[in-house]
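Please treat every number below as a calculation from the coordinates, not as lab data. As the structure is a computational prediction, the values presented were derived from the model and not from experiment. Virtual Cβ from ideal backbone geometry, glycine too; neighbours counted across all protein chains shown.
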Amino acid sequence: MILIRILEWNDLLVTPGVLAIVYSIYKMGCKRHIKTSNPYIKSLIPKVFFLKFFAMIAFAVIHEVLYGGDTINYTKRGGGLIYKYFFENPISAIKLIFIPDFNNIEHLNIIKSFVFDYQQREALVIKICAVCSLFTFDTYTSIALILSTFALSGLWAMYLIFVKHYPQLFKEFAVAFFFIPSVVFWSSGVLKEPLAIGGMGWLFWSLHSFFFGKERRPIQFIMLIISFLIIKEVKVYILLCFMPALIFWLFIQKTKDIKNLIVRRVFTPILFGIGIVGAFYAATIVTQGDALYDLEKIAETTKTTSEWVMYVSKKENGSTYDLGAQDGTMSGMAKIALPAINVALFRPYIWEARNLTMFVSSLESLWFLFLTLRILIKVGFFRTFSIIGETPMVLFCFIFAITFAFAVGISSYNFGTLVRYKIPFMPFYLSGLFIMEGFIEKKTKKKPIKLRADLPAVEKWSEV
């Protein structure tokens, strides 16, 4: 009965056509932008798309049968209501999407029917669902497919940049960006996560293209603005961690391009300082004036969020974890920083898993822990950090991953919520570990790196 409410008969009629259109557009985009002679990367194009498609179907079925929740609230109880209103008053419905009038009685009646507040961060997802509904006859799977493909496009954008810097790791990066189960699953439904992942990818691409591209094109600035606004609208705290780490990396990376040793030594501390100032400014400017995530309010917001999540989780007999009471101050957050980072990176432990989703997440966390310990044992604690400091891209990966792990670990207090919230940092943390493994082998000379036979001869183990 519940299943029919979300997967209606029109999904079977409409979604195959939408699938054909979306896949055609996806293939054309890949053909234009993924220019490589590497057969493995070419083979990924259809594989990862259809993996995303089947993950989207699984997400829809599982959430309708077992969970329900936000994905229904965004569609059937959000965008779907605007879709129905469109047939009553199309002009007013379009206005409700783009310029809602909170003094209009018809608008207010529909807005009151939403589960989410139409003036909060959930509003963008509802609006996107409403627009997609107009072209897909309000079919959930079609809307989910569009959002999932956007997320996939962002993952491709990040993957190709990492491969450009480290072409030898094209298979390892494929695992990091396309095959982590939690990332695949949670970015395949109608949630904020697909928008956040897609936005991150294109923000990463546009800034990288601007700093390291051979020419400046309008599309770079357009994608920069669009991706920035998307993330700011749905998950501004991602920008709080992502932008400082990214800007810091871009400035430090620039020092690698200076071939003259004397000039490099002179400019390195200058660019290092500019990177730190730019990172701090980015963190300040992206959240300035935000009701929840302004730097002056973030400690209190974290305290309130963690307490609310724990209260709801205990009330519903959810999977909670406790890092200790928070006092709403930055110093109070600092006291539990290490446990918060640990819970996001390496928990839930296997014995803490209470359902299939948590069990899969526990296996991922165990894998992350194993790789991390292997590197620390193999190289040594201090030598590991020395290598990280010498490798700007790895430094970026770990700065973002650890700061974001701290942010979600200290505010979630529920493993079910944490599993979903932590997916933005997972590809970067794993990519950083993969790069570290390669550099460890190279620098310690325990195992010489060999070029793969199927790579073009110009692709070498170095940063671009």
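Reducing the range 374-399 and the range 150-217 to their Cα centroids gives an inter-centroid distance of 22 Å. Compute the FRET efficiency between residue 108 and residue 61 as 1/(1 + (r/R0)^6), taking r as their Cβ-Cβ distance and R0 = 45 Å, and round to the nearest 0.05. Between residue 108 and residue 61 the formula returns 0.85. Note on residue 370/residue 84: beta-carbon distance plugged into 1/(1 + (r/R0)^6) with R0 of 41 Å gives a FRET efficiency of 0.20. Extending 7 Å from Cα along the Cβ direction at residue 325 and again at residue 382 yields two label points whose distance is 4.1 nm. If we count every other residue with Cβ under 13 angstrom of residue 425's Cβ, Lys/Arg +1 and Asp/Glu -1, where does the sum land? With Lys, Arg at +1 and Asp, Glu at -1, the neighbours total +1. The trypsin sites (Lys or Arg not before Pro) of the range 162-229 meeting both criteria, a DSSP state outside H, G, I, E and B (loop) and at most 16 other C-beta atoms within 10 angstrom of the site's C-beta, are 214, 216. Legend: distances between Cα atoms for 31/52; 47/254; 112/192; 52/76; pairs beyond 28 Å are 47/254. Using the Cβ of residue 94 as centre and a radius below 15 Å, the other residues enclosed give a net charge of 0, where K and R count +1 and D and E count -1. Mind running the shape call on the range 161-255? Use the C-alpha gyration tensor, a ≥ b ≥ c as the square roots of the eigenvalues: rounded below 1.5 for a/c, prolate if a/b tops b/c, oblate otherwise. Taking the square roots of the gyration eigenvalues as a ≥ b ≥ c, the range 161-255 is oblate. Sparsely packed loop sites in the range 117-219 (the GluC sites (Glu not before Pro) outside DSSP H, G, I, E and B with at most 13 other Cβ atoms within 10 Å) comprise 215.
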